[in-house]
1. So, restricting to helices (runs of 4 or more DSSP H) that lie completely within the range A:229-304, which ones have at least 2 residues that are crowded, with 20+ Cβ neighbours inside 10 Å and within 19 Å of the chain's Cα centre (by Cα)?
2. Determine whether residue D:171 is under 21 Å from residue D:235 (Cβ atoms), surrounded by 24 or more Cβ atoms within 10 Å (Cβ to Cβ) and in contact (Cβ under 8 Å) with a residue 24 or more places away in the chain.
3. So, residue A:345, is that one at negative phi, at pLDDT 85 or above and assigned to a helix (DSSP H, G or I) or not?
4. Applying the selection to the range D:417-463, what residues are of a type in the set (Phe, Trp, Tyr) and buried (at least 21 other Cβ atoms within 10 Å of the Cβ)?
5. Out of the residues in the range B:69-111 that are of a type in the set (D, E, K, R) and touching a helix residue (DSSP H, G or I) at 6+ places or on another chain (Cβ under 8 Å), which is modelled with the highest pLDDT?
6. Quick check on the range A:150-169. Is at least one of its residues in contact with a Pro (Cβ under 8 Å, 6 or more places away or on another chain) and either closer than 23 Å to residue A:345 by Cβ or modelled with pLDDT under 85 (or both)?
7. Could you tell me whether any residue of the range B:33-53 is facing chain C (nearest Cβ under 10 Å) and not in a helix (DSSP H, G or I)?
Amino acid sequence: MEVVDIRPVLAPTLSFICAGLIFMTGRKAFWRRFWSLSAALLKLGVVMSMLPGTMNGTVYVFKLMDFTPGIGLGFRVDALGMFFAVVSSTLWIFTTIYAIGYMEPEHAKVRFFGFFALCVSTTVGIAFAENLLTLFLFYESLTIVTYPLVIHEETPEAFKAGRKYLTYTLIGGALVLIGTVIMYQTSGTLTLSQPGVLTLADGTRTLTVLFVTLIAGFGVKAAIMPLHGWLPSAMVAPTPVSALLHAVAVVKAGAFGVLRVIYNVFGVELLRQMDLTTWLAWLAAFTILTASFVALFQDNFKRRLAYSTVSQLSYIILGACLLTPMAATAAIAHIANQAFAKITMFFVAGAIQRTTGKTSIHELAGIGYRMPFTMGAFTVAALSFVGVPLFAGFVTKWYLSLGALEAGAWWFVIVMIASALLNAAYFLPIVYLAYFKAPPGTRLHIEEARPTLLVPTIVCALYVIMLGTTAEVPGMPFSLARAAVRFVFGM
Amino acid sequence: MINALWNNLDYAASIVLFLIGLYAVIAKDNLIKKFMGLNIMETAIFAFIVALGVVDGGDAPIMGEGARAPFTNPIPQALILTGIVVAVSTTALALSLVIRIHKQCGTIEADELRELE
Amino acid sequence: MKKALVSALLILTAIPLLLAVGQLPPHGSAKSPAYEHVSAYYLEYGAEEAGAENIVTDVILNYRGFDTNGEVTVIFTALAAVMGVLLLGRESRHPVEQPTYPPSIVVRFIVRLLAPFIAMFAIYVILNGHVSPGGGFQGGTILGALAIALTLVLGENEARRLIPEGARPWLQAAAPLTFVGIGLAGLTDVGVYLGFPTVETLTWVRTMWLLMLEIGIGLGGAVIISSIFWTMEGER
Amino acid sequence: MVLWPHWLVAVIIIPLTGAVLTPVVGRDRPKVASLWSLGTMALTSVAATMLIIRVAQEGPFSYMLGDWARPYGIELRFDEFSASVAIICLLGLLALMFSYRYVAASIHESRIPYYYSLLLLNLTGMIGFVVTGDLFNLFVFMEILSLSGYALVAISGERTAEMAAFKYLVMGAVSSLVVLFSVGLLYAVTGSLNMADISERLAGVTDRLPVMLALAGMAMAFMVKAALFPLHIWLPDAHAIAPSPVSAILSGLVVKTGVFGLLRAYQIFYGAGNYDLTGLNTALVWLGAISIVMGAFFAIFQEDIKMMLAYSTISNIGYIVMGLGLASQYGMIGATVHIFNHALIKATLFLGAGALIHKTGYRTLTDLRGVGKSMPLTCMALSIGAISIVGIPPTAGFLCKWYIALGAFQAGQPFFGFALVFGALFIFVYYIRMVNSFYFQQPTHPEILSVGEAPLSMLAPVLVLATLCLVMGILGRLPLSFIEPAVLRMLGTFGG
């Protein structure tokens, strides 16, 4: 059932207006904070108000205008988009609070918060895009508005990272654009409202080219190897940026795009017939393992997290590629699971850096004594990644393995197990270091991060536990993922 | 082929003149000479178009007492009158520029000017 | 090396050009499309319809009058361009009092002697453009040449007085303004810009307008030519 | 009143009269000259608006000057492509407004009335060029706009400017002559100068070689005017050294007349119906693609901001020409609309750069570092222009890119779609340098932080244009659907 409603437009517009207000009045700290927080809350409210409807299968649509006959700026809230929007707008609130605390001593705060808001605006736009052109529009805008955030430090290193970021993502954008053109040329429509609009009659060669361009285009932001190079470099950005952008907005936009391509452009049925996703699944498996290996050898805290992100994102891709309902559920749910766990970790890294000035892992010995709550949150997230039951990561791994078996691809289960071991191998030593390798003479001398940094971290860690324990409770995000899967597989 | 060209010898001559002018424009270094090349090209085109209007045994297209057919084609003549005015105007501007360049750089040789830059 | 290369290139270019002109309708033929289409109409009806016995004048001022309207604008553009490129403001200008080498007495005498006749001839050419070879452009050029010749023998200051300073900008714009004026007259009278009355009883109006156009072109052309010359000389 | 046909002649006559009277009115009074030319242009804009209303309501219409029937007199023809007068008038108005302060500081006072006169003549020439239906008349107007263009480049009186103007003049004059030659050839085989008439009569011509030569000549000459890649050498110097409002006009409009000439040539030959234009199309597509890449490539090495913008014009002309050469419905529509949109964008950039140069006195990217803090509005406009020219949605540049890329696939030449999209990335490389230097880098000259925002007469045009860059991205379908019938008529296909 489709309902015309203004709210799908309102959600991105709110953050957009907020950005404008920040640019205009943001020189005063109070207004800057006020606008950021109130817009975040308002937007979450708008998104949440649509949640019950979406759960019941209502689809909210709003067509803003036509670029050309047939292709317009259209918004459409279905279960998949809703899922992504809920995750990003929930996390925006926490990140905003965190950023207010974290950015205190930094320069150019107006610019930072302004572009921060724009970034969230475009993310919600991606989530609610009705057609591929609208999606592309927001996808490309996201690249542009994150650039000032990436080079925020204005150091030569930051510029280098910024250049690298732009090179990768703009090439990705160009590929998406070409894919969009091909899709329009082949099918005459760009809509994302169907479970697949292409058919075998469109020609295998065209379809293959289209699939490769679109996946490569979105894969850049989703950091599928070998397109991941920008992500570790972009870690020079301030931590809230790394957290929001590299755990939530940017990378998830890429992963979300891949999901849209697989489920709404091609459709599960067609991909099964064409057998296009197998190589992608293997690439994803390769990325999962390789990135984990590389992460093992990173000493910089944020770089290790970055490689872990690369590895985790490919879970989503892998899940999507298996083309079974179970795997799809896991893929979609992992958007939330990975986001909450990873953002917790980034918050921890930032809190440690701001409180103690330490950025390398080997310096962290005994940190658990100084910052017990922070490290506690980290431990929760680490366990989630390892896949310990009752934590969010386990849900993904479980359903993904079931999905792999469902698809008859048991070797991916092995990949899953290997990945869990590798995750343990690069996260647990940090926990070990923090608690058990205290330098002699360390006493329990609590020197926690300030509340604005600590509270969001802990809340996010609690979310990780909640996602892990309440997956089967109706009304939780997981059921939304199920609703999305039902639509995609026509169940 | 040769026969056709022989019939249209006037046109062929204009083409040759045109290319001679083009040669001067490209190959000469002196700005004035370049410009003279351009004038040669202009003349070639004017000659070409006026030649289009020629009619064998034709008279000037002026009616009135004693006028007798055939007359030559008046249109090319009218066009070239305009063309000449345009050419004169371009020449005036080009010469002004050459005057200024000479005043400021002391030379109007293209290769020397390039060194000055 | 460069010259040889350019020559070779141009000779190569010549081949298609020559081939193409060889295929044009034969030179001088009365059966060519150029002669049989529009110009045949002009030659047949031009004298009565357009108002001048000289068909070339009919084409320039009447049938294709708008081209000429543009053309006089080109001359004005040339003037504005030369002024824009050369003018440096009054204070830095040193009008040449006397030519550096005063021309010999013979030249001075002859120019002074011929000046009225040249002027007369120029006016004749301008006013008879519609019945004989000639017209505003030709006559204007003669007038302009006269002004240049007088500058050479009288010196610039003396010669400049021929055209009063205050009226000069108006006179420079004379040709386009005349065209616009006649065009608007045609608009009010005939209903179309640059329309000329074709009614039998109004032929004198038509002739008068053609003459006014010729005079405007001639005057404007002469003033512009002499102005360009003076500007350039001031820069010498 | 609105549908009065005489607006068609008024739109030429008003600026023409205004231009020839500017030296009269404005002698020794530069301010008066400025206001006079602004008033003239405002009136012209009224006429242009009326014309566009009429063409939107009734479709193309003609005006027979002197009341002579079609092949005998000169015909003015206003079709959808002629609606470019809108952008000519708009940019004209804004450039004149911008000149008010700019020129006073950079051009000798005695030249100022002539500056305004030349600018108006230039605009007149362009308006005449786009509305005339007669091939020779087209040549005459082309000469008005070329001559005034050469002079405007040189008007600042700097040595380099005069040399650039001379180079421009020689290449421009040669190309004009080639156009005249082609007109002569077409006249020789058809006996007519009216474009529609030529088009009809060309169908019956048996000896094709002169006709093909005329087509090649026109294409070549207009490519020079449009500064397509190997024929572009006159452009960078001329556009970079001219006064900024002039650069905006030259880069935004004057080079487009070359493209427009190509469009008119296409109209003639498509109209004839039985000419095979594949060869020309292929040449245009390739040259377009090469222009995109080479323009972007050269621009990367430029330090001077205006030089960079000048090279980017070559890239964008490449887009347009490629779209024309694709000869598919979408490509053609994208190309024609990009004529319009690129004019907006490039004018934003040149006028913005002009404002920076006027206030700071610096023109290289290194010297301009940090200027974003002292001139925030101008720099914002420049950034919008930069984003727009790269074709990031939802700005004006995007829709054209989208359409031309679509056209490439529609024409079955996907390679050019790729070339276009990736060429655009190349362009981004140097625009990001500009944005970086404005906002994110430490100033080379600390005093740059204390210069104020540009005066209102400069700021207003820049901001209006930047806003239009955004609005045209969002409302881009309006020009697209406006131009569509004309393109379909030209290609002779409906829905194909």
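1. In the range A:229-304, A:230-233, A:239-243, A:250-260, A:277-296 are the helices (runs of 4 or more DSSP H) which contain 2 or more residues that are crowded, with 20+ Cβ neighbours inside 10 Å and within 19 Å of the chain's Cα centre (by Cα).
2. No.
3. The answer is yes for residue A:345.
4. Matches in the range D:417-463: D:428, D:430, D:431, D:438, D:439, D:440.
5. Looking at the filtered set, the residue picked out is B:100.
6. Yes, the range A:150-169 has at least one match.
7. Within the range B:33-53, one or more residues are facing chain C (nearest Cβ under 10 Å) and not in a helix (DSSP H, G or I).
To keep it simple, each residue is scored yes or no on (1) within 23 Å of the chain's Cα centre (by Cα); (2) within 25 Å of residue A:244 (Cα to Cα).
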{"site": "A:356", "(1), (2)": "no, yes"}
{"site": "A:361", "(1), (2)": "no, yes"}
{"site": "A:365", "(1), (2)": "no, no"}
{"site": "A:386", "(1), (2)": "yes, yes"}
{"site": "A:390", "(1), (2)": "yes, yes"}
{"site": "A:398", "(1), (2)": "yes, no"}
{"site": "A:408", "(1), (2)": "no, no"}
{"site": "A:424", "(1), (2)": "yes, yes"}
{"site": "A:432", "(1), (2)": "no, no"}
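The values are calculated or read from the model by the stated rules, or taken from the named source; none is laboratory data. Since this is a predicted model, take the numbers as computed values, not measurements. In this analysis, Cβ positions are derived from the backbone assuming ideal geometry, glycine residues included, and neighbour counts consider all displayed protein chains.
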